[in-house]
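Reading through the C-alpha cells given below for one structure.
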Amino acid sequence: MDLGEADRIVTFYSRDVGKIRAVAKGVRRTTSRSAGHLEPFTLSDVMFAVGRELDVISQADTLEAFRAIREDLVLTTHAYYLAEMVDVLTEDRMENRAVFDVLVDGLRDLECAITTAGVGEPENGEARLVLIVFHLRLLEVLGYRPELRECVTCRVSIEPARNQFSALMGGVLCPGCGPQEPSARLVGTSVLKLLRFVQHNDGRRSVVVPASVAREAEVLLRAYAEHIVERRLRSPALIARVQEASL
C-alpha cells in the first residue's frame, strides 16, 4: 500500500513472527536499492527497526526471487491466491512456522508449474493442482482439516456414492445424512478421491487428473475457506479474467 510520496507499507509473512506490516522508506523511488528485494512473492532476509506504530525496514536481501512466477501473468495471479489465503486466515504477529513453510513450498511448486504448461498458457492444470495442495496443507496446519473419510454426522466410512460436502460442517456427509443438511452440496467421487489422495500424501506425490476434476476440487476448497473467513476471496476472479483474456 502506497504511503506518502515515496514510501510503501509492505505486508510480510515471516518464519519467526508471523504476519508483519512494515514501512519501506523511499522504495517507490527509481534509485531505491531495496525495491528489488521487496517485490511480491520474494523470499527475503529482512531487518526491521522498531517504530511507534509500524516497524521500518532497515535492510532486505533476496534469498529466492521466484522470477518465473512474476514473469508469467497466469502464475502471478495464482501466487496472489496463495498470498491472499495466508493473509485472510492469519492474524498479525502470530508465529506459525508451518504456515511459512506451506507458503514457501507453494511458491516453489508454482514456479515448477511453468515447465509443464508453458508461459502464458490460459489453463494451467499444474498450477490449479498447486492451489489444491496448498489449500489442504494450509487448512491442516491452521486446524481446519476437512473430514474426507467419514461422514461428519454419523461417522460411517464414506464409500463411492452420492456423497455431499458441507463447508459449515467441515467435511463430507454420506448419502443418508447429506440431504438433511441444507448447506451440503454434491461432491463427485473423482473429486473426493483426489482430495483424499492429496491429503494423505501431503501433496508430495505427483498426480494427473482431468481439468474438470481439479477445477471442482479447487472450487470446493475455496468455498470452505471462504466460509471460515466469512468473506469472498478476490484472487479467483482475477485468475478467471486473466485466463479468459489469454484465450
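The values are calculated or read from the model by the stated rules, or taken from the named source; none is laboratory data. All figures in this text were calculated on a predicted structure; none of them were measured in a lab. Positions of Cβ are generated from backbone atoms using ideal geometry, with glycine treated the same way; all protein chains shown enter the neighbour counts. Ligands, DNA and RNA are stripped out before the accessible areas are found, and what is left, the full protein with its side chains, is counted by its heavy atoms. Shrake-Rupley method; radii C 1.70, N 1.55, O 1.52, S 1.80 Å.
Residues that are in contact (Cβ under 8 Å) with a residue 40 or more places away in the chain and basic (Lys, Arg), at least 2 per element: which helices (runs of 4 or more DSSP H) completely within the stretch 188-247 meet that? Please lay out each step first, then the result.
Working: elements: 189-201, 211-229, 235-246.
Qualifying helices (runs of 4 or more DSSP H): 211-229.
Evaluate the following for residue 82: is it at pLDDT 95 or above and not β-branched (Val, Ile, Thr)? Criteria met by residue 82. Of everything in the stretch 192-242 that is on the phi > 0 side of the Ramachandran plot and surrounded by fewer than 16 Cβ atoms within 10 Å (Cβ to Cβ), the residue that is modelled with the highest pLDDT is 230. The residue of the stretch 53-65 that is surrounded by the fewest Cβ atoms within 10 Å (Cβ to Cβ), among those that are of a type in the set (Gly, Ala, Ser) and under 20 Å from residue 4 (Cβ atoms), is 58.
Table: residues versus (1) open to solvent by 40 Å² or more (accessible area, probe 1.4 Å); (2) at pLDDT 95 or above; (3) more than 27 Å from the chain's Cα centre (by Cα).
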position	(1), (2), (3)
135	no, yes, no
143	yes, yes, no
149	yes, yes, no
159	yes, yes, yes
177	no, yes, yes
190	yes, yes, no
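Please specify each residue of the stretch 6-52 satisfying the condition of being in contact (Cβ under 8 Å) with a residue 12 or more places away in the chain, farther than 29 Å from residue 138 by Cβ and open to solvent by 90 Å² or more (accessible area, probe 1.4 Å). Within the stretch 6-52, 25, 29 meet the criteria.
Scan the stretch 41-83 residue by residue and report those that are in a helix (DSSP H, G or I), of a type outside the set (Gly, Ala, Ser) and either closer than 24 Å to residue 237 by Cβ or touching a Leu at 6+ places or on another chain (Cβ under 7 Å) (or both).
Just the residues of the stretch 41-83 that are in a helix (DSSP H, G or I), to begin with: 67-70, 73-83.
Imposing the further condition that a residue be of a type outside the set (Gly, Ala, Ser) reduces the set to 67, 69-70, 73-78, 80-82.
69, 70, 73, 74, 75, 76, 77, 78, 80, 81, 82, listed by residue number.
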